[in-house]
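Colleague: This is the structure I want to talk about, given as structure tokens.
The values are calculated or read from the model by the stated rules, or taken from the named source; none is laboratory data. Please read these numbers as outputs of a predicted model, since none were measured by experiment. All Cβ positions, even for glycine, are placed from backbone atoms using ideal geometry, and neighbour counts span all protein chains on display. When the accessible area is computed, the model is the full protein with side chains, heavy atoms only, and any ligands, DNA or RNA have been set aside. Shrake-Rupley method; radii C 1.70, N 1.55, O 1.52, S 1.80 Å.
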Amino acid sequence: MSGPAGAVPIAVVGAGLGGLALAQSIRRTGVDFVVLEKDLSFAAPGRTVRVHCDPRLNEMAAGCLPPRLFELFVACQSRPDARHIYLDERLELVSVDERPAPELVLDTRTAREVLAAGLGERLMLGAEVRAVRDLGPRAQLDLASGAQLEADLCVLAYGADAAGRWEFEYAPTVRDVGLWSFYGVVDLTEPLDLALPAWLDEGFVVAGDGEVKVAMGRYAPAGEFAALAAREGSGDVPLRRRDYLFWNVIAPSGRYPSDPRGWGENRAAVAEHLSAMTHRFDPWLHTLFGLAGTDSYGFLPLRTCAPGAPRPESTRAILIGDAAHPMLPAALSTYVAFEDARVLGESLARALGTSAPATTADAATTADAADAAAAAEASLRRSGFGHVAAAERAAGPAFGISGLTA
């Protein structure tokens, strides 16, 4: 798309993990596409986040990525979380939960950089989509820049708060569960004037006083990551090794002294607010809060959802990932985004009659592929809302949430 208007067979809105995994899957079919991302870079504030994921994640990723890129994606993962360690507010051990299978650990920024390799000009940063509407056989996307784009298929892989999402009656109903999350990252690539307890290297750690919880986890990719990143050498997005400690304060919204979205980049004020919320906790945590980089601060209201109206057969837009089914944290959200990407990618490949990279595709063929992808939507929703229910069963009791919707 080089001017104020254009057309493309497939437009993916959102360059999160699911959107980029889908882009790589589409890339293998040879169909033209574009990925539109509102952030100017993957380094946007609050985008460096440690997540632990269902161990089946790599199975889904392998179905989306070419072999060399999949190898790099695995290398960018940190040591798996084999256990969850629960502490009291004095940071003394309460219990240890050995996971049935170790959960995979990602840094969302590093993983996005890896998944963007080779996309080149198909990835458009700073391209915010304000609205999506159906125009007969195509979808029309209105960009904040004033440009318009038409697509045979529009895949919405953005978040639950994205502009224009609420215009879709078939989007799920979303419920805020009354818990807010504020997080930050402490860089460990430089010497740190704070001793780190041994339990930080033993698993995912949650300290709680019965109402407020502070989750913590280390991220550092595998040793071979640097060599594999240099081998990939696409030059699209710089890849570097990160090593950090992620912390996340989760509490009822009423425990927050003010709306965290207004805290800005004042490190001292943020540390003061969080220390007041966690005044019963060991002072070690208060020191930790003050060491986080201000560009790593992020805020997220915890949510769950229920299905919306049936999706019209004629619509040219599909929702995947958090846009389709935001859920409580239970190591499932990232897995579901990759599952959606794999199912859609395989539907496109089958419609094109190949699972290997193609060289050309005419308009009729790409329209058929878009129809095939749209037909997969029903199975995606059944699976996705099954995962929502699983997340509620796993996370609801831990957070003291009752009366969930799924």
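Colleague: State in Å² the accessible area per residue of the chain; use a 1.4 Å probe, count heavy atoms of protein chains only, and round to the nearest integer.
Modeller: Averaged over the residues of the chain, the accessible area is 41 Å².
Colleague: If a/c stays under 1.5 just call it rounded; otherwise compare a/b with b/c (prolate if a/b is bigger, oblate if not). Do that for the stretch 187-342, with a ≥ b ≥ c from the square roots of the Cα gyration tensor eigenvalues.
Modeller: Cα axes put the stretch 187-342 in the oblate bin.
Colleague: If you average the sequence gap of Cα pairs under 8 Å that are 6 or more apart and divide by the length of the chain, what percent do you get for the contact order?
Modeller: Taking the mean separation of contacting Cα pairs over the length of the chain, I get 25 percent.
Colleague: Would you calculate the separation in nanometres between label points at residue 40 and residue 255, each defined as 7 Å from the Cα along the Cα-to-beta-carbon direction?
Modeller: With each label point 7 Å from Cα toward Cβ, the separation is 3.6 nm.
Colleague: What is the gain in length, in nm to one decimal, between residue 93 and residue 125 on full extension, counting 0.36 nm per residue of separation less the C-alpha to C-alpha distance?
Modeller: Full-extension gain reported as 7.1 nm.
Colleague: Still on this structure: Simple spin-label model, 7 Å along Cα-to-Cβ: residue 201 to residue 402 in nm?
Modeller: Here the modelled spin labels are 4.4 nm apart.
Colleague: Can you pull the percent of the chain's accessible area that's carbon plus sulfur, 1.4 Å probe, other chains left in place?
Modeller: About 52 percent, which is the carbon plus sulfur part of the accessible surface.
Colleague: For helix 333-352, what angle does its Cα long axis make with the longest principal axis of the chain, in degrees from 0 to 90 and rounded to 10?
Modeller: 10 degrees
Colleague: For helix 267-277, what angle does its Cα long axis make with the longest principal axis of the chain, in degrees from 0 to 90 and rounded to 10?
Modeller: Approximately 70 degrees, to the nearest 10.
Colleague: Something else now. Rounded if a/c is under 1.5, else prolate if a/b beats b/c, else oblate: with a ≥ b ≥ c from the C-alpha gyration tensor eigenvalues square-rooted, which is the stretch 112-190?
Modeller: oblate
Colleague: For the stretch 177-269, rounded, prolate or oblate, judged on the Cα gyration tensor with a ≥ b ≥ c (square roots of eigenvalues), a/c < 1.5 rounded, else prolate if a/b > b/c?
Modeller: Because a/c hits 1.5 or more and a/b exceeds b/c, the stretch 177-269 counts as prolate.
Colleague: Scan (i) 201; (ii) 217; (iii) 136 for the value of volume of the Cα convex hull per residue in Å³ calculated from this model and give just the label.
Modeller: After the calculation, the listed value that fits is (iii).
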